[in-house]
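Asker: Before anything else, here's the structure in question.
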Amino acid sequence: MNIAVIGTGYVGLVTAAGLAEFGHKVVGTDKDFEKISKVSQGIVPIYEPGLDELIMSNLKKGNLVFSTDLDKTIAEADIIFVCVGTPQRDDGSADMSQIEEVSRQIARNLNRYKLVVEKSTVPVKTSFWIKRTISLHKKTDQEFDVASNPEFLREGSAVSDFLNPDRIIVGVETQRARDILCGIYAKFRERLLVTNIDTAELIKHASNSFLAMKISYINLISNICEKTDANVEQVAEGMGLDPRIGGRFLKAGIGYGGSCFPKDIKALARIGEELGVDMSLLKEADRINAERVRIFVDKIKQALWILKDKQIAVLGLAFKPETDDIREAPSIRVIRSLLQEGARLRLCDPQASDNMKQLYPEEPDRLRYCASPYDAAEKANAMVILTEWDDFAKLDLKRIKEAMANPIIVDGRNVFSPEAVKKLGFEYYSIGRK
Ligand code: NAD
């Protein structure tokens, strides 16, 4: 069967290359022609470990091609994975215009039976709207099915998550759709959960919102730790030993970011409210997250008092390590606050600087991008850590201290051990521990 993947962003590229790796024939397409022309030549437009190799090897094998011809790709496909964006609107709900546009494109090219698979994260009941849109716009009486197959990959480990998933959720309403999707994922039969479509759609939003809540929960606990002698890392460790809780996603810090948690928790809150369900639990978790940056900037002020004209080294711009993605990264708001206070910034990130330059271009004496943390630390009055890249944990702190004007570290990700840095003569502030 011919598979089309529409939308070749973080999810679409991995999905296209991953399905090709499973042995299927895949065509990836996107309305961004520049993206397609780059990736066709093996130039992957995003940083994701292992993705270049996976795409190159499947391009060579001939399992994977990329095309700018959206209509032809849809017309020739039997199965269409929809991987376009579902960004946040001002009121917190998901903007479904890209999904609607693709639905109309599919309708125009419905020349034989097709299975349309929602891989994007969508509100429960989206399949109803996709079906309705295709039915309204199709020009033939060909049949089609819609199914939900939400994606759970994590940026930074997306390739291994896709090739070796914990679970695959398949939401279907016909036997035909069920057979096709179970066939595609045949090698993961024991990890497949087949549900109806509403359930599959909701599993994705419910999972992301739960994980976001878990992070806000430990961040709330870290606030108590800071007012007492408790240590949030040990509290998290102790909690995590209970298998009902589990130790993962209990890391206190400056809050969650990225293109998923912030928008998905808001979208689910909106969906619930529209259905008449009280969603205060999720709204509170999101509010706690929004507070994290203010609390962190207050810590920097606690260390430096007045920020005007202070030089600050900012280490970490990506919303998490091992990605170049800065969408909804807490760093964006930290940088904005520090600039508003009149600080001078030297920024450094192993992968995300180019993306951040689109938002914050270099400005003489005010904002500079540095190639290394040592360069960023030069004459700094303080160094702040916003992303827990491994490279930062391995820094030669003696060299950093020599470069800095004042040996002060404000660590938003608890990258260093307080004892070790204090022993080196740093004044050290971190999250939920002393
Ligand atoms: P993205 O913005 O990186 O990619 C979306 C792509 O769709 C873009 O390249 C865009 O040009 C393309 N596109 C938009 N409209 C189109 C159209 N009509 N025809 C063809 N192409 C079109 O987004 P992403 O991060 O890959 O996320 C995609 C979806 O997957 C979202 O719903 C997101 O919530 C979900 N998701 C994301 C992740 C993640 O970690 N990024 C993980 C799981 C699920």
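The values are calculated or read from the model by the stated rules, or taken from the named source; none is laboratory data. Note that this is a predicted model, so its numbers are computed, not measured. Because the Cβ atoms are built from the backbone with ideal geometry, glycine has one as well, and the counts that use them run over all protein chains shown.
Asker: Can you go through GLU53, GLU151 and tell me which one is surrounded by 15 or more Cβ atoms within 10 Å (Cβ to Cβ) and among the charged types (D, E, K, R)?
Answerer: Working: GLU53 fails: surrounded by 15 or more Cβ atoms within 10 Å (Cβ to Cβ).
Testing whether each residue is surrounded by 15 or more Cβ atoms within 10 Å (Cβ to Cβ) and among the charged types (D, E, K, R) leaves just GLU151.
Asker: Name the one entry in PHE162, PHE152 that is aromatic (Phe, Trp, Tyr) and touching a residue at least 60 places away in the same chain (Cβ under 8 Å). Walk me through how you get there before you give the answer.
Answerer: Details: PHE152 fails: touching a residue at least 60 places away in the same chain (Cβ under 8 Å).
None of the others qualify; the one that does is PHE162.
Asker: Follow-up. Might you let me know whether segment 361-375 holds any residue that is polar (S, T, N, Q) and within 24 Å of ASN289 (Cβ to Cβ)?
Answerer: Initially, segment 361-375 is screened for residues polar (S, T, N, Q), giving 372.
Remaining after also requiring within 24 Å of ASN289 (Cβ to Cβ): none.
No, the conditions are met nowhere in segment 361-375.
Asker: Any residue at all in segment 341-352 that is assigned by TED's automatic domain parsing to the domain that holds GLY316, charged (D, E, K, R) and without any contact (Cβ under 8 Å) to a residue 12 or more places away in the chain?
Answerer: Looking only at segment 341-352, we keep the residues that are assigned by TED's automatic domain parsing to the domain that holds GLY316, and these are 341-352.
Pick out the ones that are also charged (D, E, K, R) and you get 341, 344, 346, 349.
Subset that is without any contact (Cβ under 8 Å) to a residue 12 or more places away in the chain: none.
There is no residue in segment 341-352 that is assigned by TED's automatic domain parsing to the domain that holds GLY316, charged (D, E, K, R) and without any contact (Cβ under 8 Å) to a residue 12 or more places away in the chain.
Asker: Could you run through segment 247-268 and say how many residues are out of contact with any Ser or Thr (no Cβ under 7 Å at 6 or more places or on another chain) and either more than 30 Å from THR126 (Cβ to Cβ) or assigned by TED's automatic domain parsing to the domain that holds VAL11 (or both)?
Answerer: Of the residues in segment 247-268, 5 are out of contact with any Ser or Thr (no Cβ under 7 Å at 6 or more places or on another chain) and either more than 30 Å from THR126 (Cβ to Cβ) or assigned by TED's automatic domain parsing to the domain that holds VAL11 (or both).
Asker: If a residue must be within 12 Å of the ligand (Cβ to nearest atom), in contact with a Lys or Arg (Cβ under 9 Å, 6 or more places away or on another chain) and closer than 27 Å to LYS125 by Cβ, how many such residues does segment 156-167 contain?
Answerer: Of the residues in segment 156-167, 2 are within 12 Å of the ligand (Cβ to nearest atom), in contact with a Lys or Arg (Cβ under 9 Å, 6 or more places away or on another chain) and closer than 27 Å to LYS125 by Cβ.
Asker: Determine, yes or no, whether ALA77 is surrounded by 19 or more Cβ atoms within 10 Å (Cβ to Cβ), closer than 27 Å to LYS320 by Cβ and more than 12 Å from the ligand (Cβ to nearest atom).
Answerer: Numbers: surrounded by 19 or more Cβ atoms within 10 Å (Cβ to Cβ): yes; closer than 27 Å to LYS320 by Cβ: no; more than 12 Å from the ligand (Cβ to nearest atom): yes.
When the stated conditions are applied, ALA77 does not pass them.
Asker: If we scan segment 271-287, do we find a residue that is assigned to a loop (DSSP other than H, G, I, E, B), small (Gly, Ala, Ser) and within 15 Å of the ligand (Cβ to nearest atom)?
Answerer: Of segment 271-287, the ones assigned to a loop (DSSP other than H, G, I, E, B) are 275-279.
Still in the list and also small (Gly, Ala, Ser): 276.
If we keep only those that are within 15 Å of the ligand (Cβ to nearest atom) too, we end up with none.
No; the residues of segment 271-287 include none that is assigned to a loop (DSSP other than H, G, I, E, B), small (Gly, Ala, Ser) and within 15 Å of the ligand (Cβ to nearest atom).
Asker: What is the residue count in segment 81-98 for residues that are more than 6 Å from the ligand (Cβ to nearest atom), touching a residue at least 60 places away in the same chain (Cβ under 8 Å) and farther than 23 Å from LYS25 by Cα? If you could, list the steps in order and put the result at the bottom.
Answerer: Going residue by residue through segment 81-98, those that are more than 6 Å from the ligand (Cβ to nearest atom) are 81-82, 87-97.
So of that shortlist, the ones also touching a residue at least 60 places away in the same chain (Cβ under 8 Å) come out as 81-82, 87-88, 91-94.
Okay, now just the ones that are also farther than 23 Å from LYS25 by Cα, so 87-88, 91-94.
Final tally of qualifying residues: 6.
Asker: Could you tell me which numbered condition ASP264 fails, if it satisfies all but one of (1) surrounded by 15 or more Cβ atoms within 10 Å (Cβ to Cβ); (2) in contact (Cβ under 8 Å) with a residue 40 or more places away in the chain; (3) not in a helix (DSSP H, G or I)?
Answerer: Of (1) surrounded by 15 or more Cβ atoms within 10 Å (Cβ to Cβ); (2) in contact (Cβ under 8 Å) with a residue 40 or more places away in the chain; (3) not in a helix (DSSP H, G or I), only one is false for ASP264: (3).
Asker: Which members of segment 33-44 meet the condition of being without any contact (Cβ under 8 Å) to a residue 24 or more places away in the chain and either more than 10 Å from the ligand (Cβ to nearest atom) or not in a helix (DSSP H, G or I) (or both)?
Answerer: So in segment 33-44, the residues without any contact (Cβ under 8 Å) to a residue 24 or more places away in the chain come out as 34, 38, 41-43.
Across segment 33-44, the qualifying residues are LYS38, GLN41, GLY42, ILE43.
Asker: Quick check on this structure: which one of PHE249, PHE188 is within 16 Å of the ligand (Cβ to nearest atom) and not hydroxyl-bearing (Ser, Thr, Tyr)? Write out each step before concluding.
Answerer: Details: PHE188 fails: within 16 Å of the ligand (Cβ to nearest atom).
Criteria check complete, one pass: PHE249.
Asker: Which of the residues that make up segment 99-119 are within 14 Å of the ligand (Cβ to nearest atom), assigned to a loop (DSSP other than H, G, I, E, B) and either under 24 Å from CYS182 (Cβ atoms) or within 27 Å of the chain's Cα centre (by Cα) (or both)? Break it down stepwise before answering.
Answerer: Taking segment 99-119 first, the residues within 14 Å of the ligand (Cβ to nearest atom) are 99-109, 116-119.
From the residues that got through so far, the ones that are assigned to a loop (DSSP other than H, G, I, E, B) too are 109, 119.
Selection gives LYS119 alone.
Asker: A further question on this structure: Do you know which of the residues in segment 1-31 that are assigned to a loop (DSSP other than H, G, I, E, B) and more than 20 Å from the chain's Cα centre (by Cα) is nearest to the ligand (Cβ to nearest atom)? So that I can check it myself, show each step before the final result.
Answerer: Looking only at segment 1-31, we keep the residues that are assigned to a loop (DSSP other than H, G, I, E, B), and these are 1, 7-9, 22-24, 30-31.
Among the residues that remain, those that are also more than 20 Å from the chain's Cα centre (by Cα) are: 1, 22-24, 31.
Values: MET1: 20, PHE22: 18, GLY23: 23, HIS24: 19, LYS31: 4 Å.
Once the filter is applied, the top-ranked residue is LYS31.
Asker: State whether one or more residues within segment 187-202 are of a type in the set (A, V, I, L, M), in the same structural domain as GLY85 (by TED's automatic domain parsing), under 25 Å from THR8 (Cβ atoms) and under 22 Å from the mean Cα position of the chain (by Cα).
Answerer: No: zero hits.
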